[in-house]
Amino acid sequence: METRRQFLKTSATVLAAGVTSSTWGNTLLNFQGNGANDKIRVGLIGCRNMGWANLSDFLLHKDVECIALCDIDRNILNEKAAELEKTTQRKPQLFSDYRRMLEIKELDVVIIGTPDHWHCLQFTDACSAGKDVYVEKPIANYIAECDAMVNAARRYGRVAIVGQQQRSGNHWKAMVDYLKSGKLGTIASADIWANFNYGALSLPVPNTAVPEGVDYDMWQGPAQERPFNKQHFHGSWRMFWAYGGGLMTDWGVHLLDMVLWGMDIKRMPQRIVGLGGKFAYPENCPETFDTQKVVYEFDSFLMSWSHVGGTETGPYNRNYGIAFKGTNGTLVANRDNWEIIPEWDNAKKLNKAEVIKVEADFQDHKDHVSNFLECMKNRHFETACTIENGSLCAKYAHLGNIAARTGSALVYDDFNQCFINNAEADKYLRPSYRSPWKFPNT
Ligand SMILES: NC(=O)c1ccc[n+]([C@@H]2O[C@H](COP(=O)([O-])OP(=O)(O)OC[C@H]3O[C@@H](n4cnc5c(N)ncnc54)[C@H](O)[C@@H]3O)[C@@H](O)[C@H]2O)c1
């Protein structure tokens, strides 16, 4: 039973998070688990790449056990089940339909490692089934889905974290502290770039029969029906609008999030201007832009995004990164490190900022998972990357795509969930789910 001290701790946490017990339902108890022992019982939905990487870091914790795996590809499911059994000496229950997995009463938490078009339904269903959730980024493939997911986590009182592990990175935290110190002077702009070869994929190949062991209907889920083609399947679905948003969302959420965090931006920009096209590899198969530029306007600050898929070089000798431009210097950052390139004060004959370089320790992902498990145990909702954090930067990334797809300057009214005077852009806000899937009512 919960002690008074624990209750006060939980209440303080919830108040600090700015939410009331009525918005979070009646589930503000310390973690007791759904199972018979004190272990945290996890189930993984989507086992191939990142989902498996997430589960691996969960299993570093002695009080975690994986009791279920779910995948629509039986080949992957069997391979991962065998690997899991070898390392943990435990046979997980296997599923191809995540809804059956969510029926397991003892299951405490699910990891969602599926393609982006599935996140919203699986997340909202997991919340309503009383499970906590580690959901991969971008949290959703549409802006309206982001809102539905935030509502579901609140309504069902679930602890959730988004797989934007940079939020747990020590060098990123040090960068945010530096930005807040004022040492960079007035920060007028932040430029983000992400150039990756996989952004251009390859030349198209013909459709084929669905591979043996794959439930392709369940892979497509709420997305519109389309014949099987291996180029929009495992891994490369990112470059097709029905399943992902190209480099803009795939890398955008990671890097936009660092600027929003560093600059303490919690709202929509005043305006978004974007352009994009298939300019570098026009014959290749992606639907998403291989080349794209977006500018987000604020009161006295501009943030820009740019990528050229099919290339892997970039400014400051980095193929991806962020450059914060301050009046005293430029802060350049990526997952490896960050550094200050000072401006020169010609009158005083000295640098306006100290030359600094801070290296990454590459513990961010492990720390992210540890933070989530701690939050679960303490029913602490302010995880290292909350569903609200994930929602904000996913919206920014989708706004960049909608601006480029409509070729217009956009103003987004987040409260009323529409663009100002732009019915064409409004069409990109909310998906029309393929029957029998229904947009979640949260
Ligand atoms: N945080 C990070 O650094 C990071 C890195 C890579 C990928 N990701 C994210 O992880 C997610 C997955 O990406 P990936 O590269 O692992 O994709 P992937 O295509 O390699 O793997 C997705 C897996 O989900 C399975 N799947 C698809 N629909 C399913 C369903 N309805 N039920 C159960 N399983 C289903 C597929 O069969 C496959 O095994 C994406 O949202 C991606 O953006 C995050």
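One residue stands out in region 380-409 among those that are over 18 Å from the mean Cα position of the chain (by Cα) and surrounded by fewer than 22 Cβ atoms within 10 Å (Cβ to Cβ): the one that is nearest to Val162 (Cα to Cα), namely His380. Condition first: within 16 Å of Phe372 (Cα to Cα) and not hydrophobic (A, V, I, L, M, F, W, C). Can you find one or more residues in region 78-97 that meet it? There is no residue in region 78-97 that is within 16 Å of Phe372 (Cα to Cα) and not hydrophobic (A, V, I, L, M, F, W, C). Restricting attention to region 402-427, the residues that are farther than 17 Å from Val294 by Cα and assigned to a loop (DSSP other than H, G, I, E, B) add up to 8.
In a strand (DSSP E or B) and of a type in the set (A, V, I, L, M, F, W, C) - does that describe any residue in region 358-366? Among the residues of region 358-366, at least one is in a strand (DSSP E or B) and of a type in the set (A, V, I, L, M, F, W, C), which makes the answer yes. Across region 209-242, the qualifying residues are those that are in contact (Cβ under 8 Å) with a residue 40 or more places away in the chain, among the aromatic types (Phe, Trp, Tyr) and more than 9 Å from the ligand (Cβ to nearest atom), and the one among them that is farthest from Glu136 (Cα to Cα) is Tyr216.
Residues in region 179-228 that are under 28 Å from Arg74 (Cα atoms) and basic (Lys, Arg): Arg226 alone.
Would you check if there is a residue in region 271-284 being in a strand (DSSP E or B), within 16 Å of the ligand (Cβ to nearest atom), within 26 Å of Glu388 (Cβ to Cβ) and not assigned by TED's automatic domain parsing to the domain that holds Cys120? The answer is no, given that none of the residues of region 271-284 is in a strand (DSSP E or B), within 16 Å of the ligand (Cβ to nearest atom), within 26 Å of Glu388 (Cβ to Cβ) and not assigned by TED's automatic domain parsing to the domain that holds Cys120. Of the conditions (1) in the same structural domain as Val273 (by TED's automatic domain parsing); (2) in contact (Cβ under 8 Å) with a residue 40 or more places away in the chain; (3) exposed (fewer than 15 other Cβ atoms within 10 Å of the Cβ), Lys352 fails just one. Which one is it? Tallying (1) in the same structural domain as Val273 (by TED's automatic domain parsing); (2) in contact (Cβ under 8 Å) with a residue 40 or more places away in the chain; (3) exposed (fewer than 15 other Cβ atoms within 10 Å of the Cβ), Lys352 fails exactly one: (3). Where strands (runs of 3 or more DSSP E) fall wholly inside region 80-171, the ranges with 2 or more residues that are under 30 Å from Asn416 (Cβ atoms) and within 16 Å of the ligand (Cβ to nearest atom) are 132-135, 160-162. Taking Asp217 as the residue in question, decide whether it is charged (D, E, K, R) and part of a helix (DSSP H, G or I). Spelling it out, Asp217 is indeed charged (D, E, K, R) and part of a helix (DSSP H, G or I).
Taken as a whole, the condition of being surrounded by 21 or more Cβ atoms within 10 Å (Cβ to Cβ), at positive phi and in contact (Cβ under 8 Å) with a residue 12 or more places away in the chain applies to Gly157.
The values are calculated or read from the model by the stated rules, or taken from the named source; none is laboratory data. Quantities reported herein were computed from a predicted structural model and do not represent experimental measurements. Here the Cβ is made from the backbone with ideal geometry for all residues, glycine too, and neighbour counts use every protein chain on show.
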